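The structure appears below as structure tokens.
The values are calculated or read from the model by the stated rules, or taken from the named source; none is laboratory data. Predicted, not measured: the structure shown is a model, and the values here were computed from it. Virtual Cβ from ideal backbone geometry, glycine too; neighbours counted across all protein chains shown.
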Amino acid sequence: MRDFNIEFPDDAACLEYVKEQRWPDGMVPCSRCGKKTKHYRVGNRTAYACQFCGNHIYPLAGTIFEKSSTPLKTWFYAMYLMGSTRCGISAKQVQRETGVTYKTAWRMFKQIRTLLSDGDLQLEGPTVEIDEAYYGGTRKFKRGRPMRGDLKKTPIVGIVQRNGKAIARVVDHVTSNSLLKTVRKHVVPGSVIYTDDFNLYHGIPHMKGPGGRNLQFTHYTINHSLGKYVKKGHIHTNSVEGLWSLIKRGIGGVYHSVSREYLQGYLDEYCFRYNRRHEGNRQFKAILLRASRVA
Ligand SMILES: [Zn+2]
């Protein structure tokens, strides 16, 4: 917290940081006169001007900060909190600590979450674990198949590289098709895949890629229903269950209740942190980098 205030004492410091992320070497060719220039801040505006012709550039254009009336430092602080907690942070806490309204804090988090997707991540390696979980309904978050009457639950597929990265995706239905589609998108061919013995996973060794070639997955299953959680040493899904418990603790403890519409954003937030769990306080900078980037 002290470090945060030293590095980002005010809105100007935050603006300067965003500018440096977008134009890293400081000297950039002016889009109007073409001369290499260091742009200078224009008064109190969020603009910088070319030293030769006065042409303005706007570091916040196209970012989540652009149209916001919330001070830039408050945004940075919200991202700082998001990057430095393990379980997640509530809008209430930001409301308390910064004085913005609950609604503003909630909206900021929603927008920051849109930056956190690792949705294109490809998982590979000798061991990849896959499992589904369900969110919503009476029992908030649960791994394993829903019972009849739990059909309002939202299915989530989790894929975790053992000792590595993870993704979690909301899917419309748990069908063989949707599960295998997620596997095809996120797991590198030739990987060894561990699941429980749910029959929808049985197609994994037969999965085909472009041109009809077999994707060469090796598939091991664990029979959870018989309580054989860790039967033969390496055949387990402890990593993906670790991810589920992290999500469960987080959503249960911090967010209380999440609608289906926003669930993917929360999953992205948890996976973003999970995937950078060894990076310590660099998580905050990773979020800042994404926030400064313009599509
Ligand atoms: Zn110029």
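Among all positions in the range 27-37, there is at least one residue which is in a strand (DSSP E or B), within 16 Å of the ligand (Cβ to nearest atom) and either of a type in the set (Lys, Arg) or touching a residue at least 60 places away in the same chain (Cβ under 8 Å) (or both).
The condition (being hydrophobic (A, V, I, L, M, F, W, C) and surrounded by fewer than 17 Cβ atoms within 10 Å (Cβ to Cβ)) is satisfied by just one residue among Val183, Val188: Val188.
Contact map, the range 51-70: first residue without any contact (Cβ under 8 Å) to a residue 12 or more places away in the chain, second residue in a loop (DSSP other than H, G, I, E, B) and near the ligand (Cβ under 10 Å from one of its atoms), Cβ cut-off under 7 Å, separation 6 or more or different chains; the map is empty. Here the condition is being surrounded by fewer than 16 Cβ atoms within 10 Å (Cβ to Cβ), charged (D, E, K, R) and either modelled with pLDDT under 75 or assigned to a helix (DSSP H, G or I) (or both); of Glu241, Glu261, Glu279, Glu269, it holds for Glu261 alone.
Of the strands (runs of 3 or more DSSP E) lying entirely inside the range 83-190, those carrying at least 2 residues that are at pLDDT 90 or above are 128-135, 154-161, 166-170. Can you tell me which residue is surrounded by the fewest Cβ atoms within 10 Å (Cβ to Cβ) among those in the range 59-74 that are of a type outside the set (S, T, N, Q) and closer than 19 Å to Phe8 by Cα? Looking at residues that are of a type outside the set (S, T, N, Q) and closer than 19 Å to Phe8 by Cα, I get Glu66. So, in the range 38-53, of the ones that are polar (S, T, N, Q) and under 36 Å from the mean Cα position of the chain (by Cα), which residue ends up farthest from the ligand (Cβ to nearest atom)? If we take residues in the range 38-53 being polar (S, T, N, Q) and under 36 Å from the mean Cα position of the chain (by Cα), then Asn44 is farthest from the ligand (Cβ to nearest atom).
In this structure, Tyr58 does not qualify as among the hydroxyl-bearing types (Ser, Thr, Tyr) and in contact with a Phe, Trp or Tyr (Cβ under 7 Å, 6 or more places away or on another chain). For the range 8-34, the candidate set comprises residues that are surrounded by 13 or more Cβ atoms within 10 Å (Cβ to Cβ) and of a type in the set (Asp, Glu); within that set, the residue that is modelled with the lowest pLDDT is Glu20.
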